[in-house]
Amino acid sequence: MSGDGDSRDAVLRDFLTWLEQNDPDGGWYLDEDPVEMPAPVATPEPAIPEPAASAPTAPDPTPPERAAATVAAAPEPVASAAAEVPGGLAKPRRQLPPLDLDSAFKRRAEIFVAETVGKIARQSGAGGLAADPYLVEAGGDKAAALARLKAEVLPCTACSLSGGRKNTVFGAGDPDADIFFIGEAPGRDEDLQGEPFVGRSGQLLTKIIGAIGLGREDVYIGNILKCRPPENRDPTGVEVEACEPHLMRQLAIIQPRVICCLGRIAAQTLLGVDTSLKRLRDSVHFYAGVPVMATYHPAALLRNPDYKRDTWDDVRRLRVLHDALLEQD
Ligand code: SF4
């Protein structure tokens, strides 16, 4: 499929539509039919004007204390995932199609990656993301460990949101994913179906992931909260505090190479900061030693098409960083 010219053209057409769409309320092709995931092919570079923002150079503002403290909430994490999990954490990976980047973007992305790799090296003394006990007990079988955790989380009543939910939305995707997308909380469609990002914004997320050569089956998608807040209001501090250990344990099982927060709430909550999303997007951050990037929530793109170009830059940098980190293995 990756060498199919028609598929490639279809992906390009689709993506140009995505970029050029300027009506926030109507006309999204996503409204019409369930979205078929784009074929994982090389995506020709649409003509995108140079963004105003330059490559990120700001130092990582993320206080490490929060990550360390929060992960400690997981039950007795094992100190070193790589050392303690039988069979190690290596996995066979499918060959992803290369991204076709213009030279200017490629230069900026290379700077970003170099800076990030340097920051990761400096983070290495922080201990990293400890392996979850279920992962150790499952002999490194992430799917089994995640299934065990899911069975525990689904009936959770640790906060009042349990009273209004139709379904607990645990998360979905590859238990061995290298990229973990984190949103804020389930919405109406997600609550009804028990799956993350399945409404309009979820379909757009699928497109965005596809545009960088990945499928939903290649990544893991979850939320800060597992149950829907009424009227989709922002999570409260009490709810976040109650639910965060579930997310931490998902991370401690999946052991992603990079986290991508979708939207301000997810990024601020995970990182424990109140920095604007614009600033958070400008730099890589860290959660328990795992690099964290932030971009717009797909729902924000549906409301504000002007954010699409920035999002396209963000996700391309995400893919470039992903590739660079895997090359180090
Ligand atoms: S939101 Fe999280 S903590 Fe609250 S009931 Fe749902 S799963 Fe439990």
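The table below gives the values:
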{"quantity": "Whole-percent carbon and sulfur share, accessible surface of the stretch 232-329, 1.4 Å", "calculated": "46"}
{"quantity": "Accessible area expressed per residue, the stretch 209-325, with surrounding protein chains retained (probe 1.4 Å, Å²)", "calculated": "28"}
{"quantity": "Within straight-line cross-link reach of Lys150, lysines at Cα separation under 24 Å, skipping those fewer than 8 residues along the same chain", "calculated": "Lys91, Lys142, Lys166, Lys226"}
{"quantity": "Estimated D of the stretch 113-165 in µm² per second, where Rh is the Kirkwood radius over Cα pairs and Stokes-Einstein applies at 20 °C, 1.002 mPa s", "calculated": "152"}
{"quantity": "Residue-wise HN-Hα coupling along the stretch 218-235, computed from phi with Karplus coefficients 6.51, -1.76, 1.60 (Hz; x: Gly, Pro)", "calculated": "8, 10, 10, 10, x, 9, 4, 9, 9, 10, 6, x, x, 6, 6, 5, 5, x"}
{"quantity": "Taking N as its residue count, the alpha carbon Rg of the stretch 207-250 over 2.2 N^0.38 Å", "calculated": "1.48"}
{"quantity": "Radius ratio Rg over Rh of the stretch 123-262, counting only Cα atoms, Kirkwood formula for Rh", "calculated": "0.96"}
{"quantity": "Phi to ³J(HN,Hα) by Karplus 6.51 cos²θ - 1.76 cosθ + 1.60 over the stretch 313-329, Hz, x for Gly, Pro", "calculated": "4, 4, 6, 5, 5, 4, 5, 5, 5, 3, 4, 5, 5, 5, 5, 6, 5"}
{"quantity": "Quarter of the Cα convex hull surface for the stretch 168-219, i.e. its orientation-mean projected area (nm²)", "calculated": "3.4"}
{"quantity": "Highest-first arrangement of 133-142, 299-308, where packing means the average Cβ count within 10 Å", "calculated": "133-142, 299-308"}
{"quantity": "Stretchable slack from Gln328 to Lys150, in nm (0.36 nm times residue separation minus alpha-carbon distance)", "calculated": "61.0 nm"}
{"quantity": "Built amide H within the under 5 Å cut-off of Cys261, gap 5+", "calculated": "Ile182, Met293, Ala294, Thr295"}
{"quantity": "Neighbour cut-off at most 14 other Cβ (10 Å), DSSP loop, trypsin sites (Lys or Arg not before Pro), the stretch 190-261", "calculated": "Arg233"}
{"quantity": "In order through the stretch 242-255: 3J(HN,Hα) via Karplus (6.51 cos²θ - 1.76 cosθ + 1.60), integer Hz, x for Gly, Pro", "calculated": "6, 8, 4, x, 5, 5, 4, 6, 4, 5, 6, 8, 6, 6"}
{"quantity": "Built amide H within the under 5 Å cut-off of Ser283, gap 5+", "calculated": "none"}
{"quantity": "10 Å-binned pair-distance histogram of the stretch 237-329 (Cα, whole percent)", "calculated": "15, 46, 33, 7, 0"}
{"quantity": "Surface per residue (accessible, 1.4 Å probe) for the stretch 109-198, Å²", "calculated": "42"}
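The values are calculated or read from the model by the stated rules, or taken from the named source; none is laboratory data. If you're wondering where the values come from, they're calculated on a predicted model, not measured in any experiment. Virtual Cβ from ideal backbone geometry, glycine too; neighbours counted across all protein chains shown. Please note that ligands, DNA and RNA were not included when accessible areas were found on the heavy atoms of the full protein model with its side chains. Shrake-Rupley method; radii C 1.70, N 1.55, O 1.52, S 1.80 Å.
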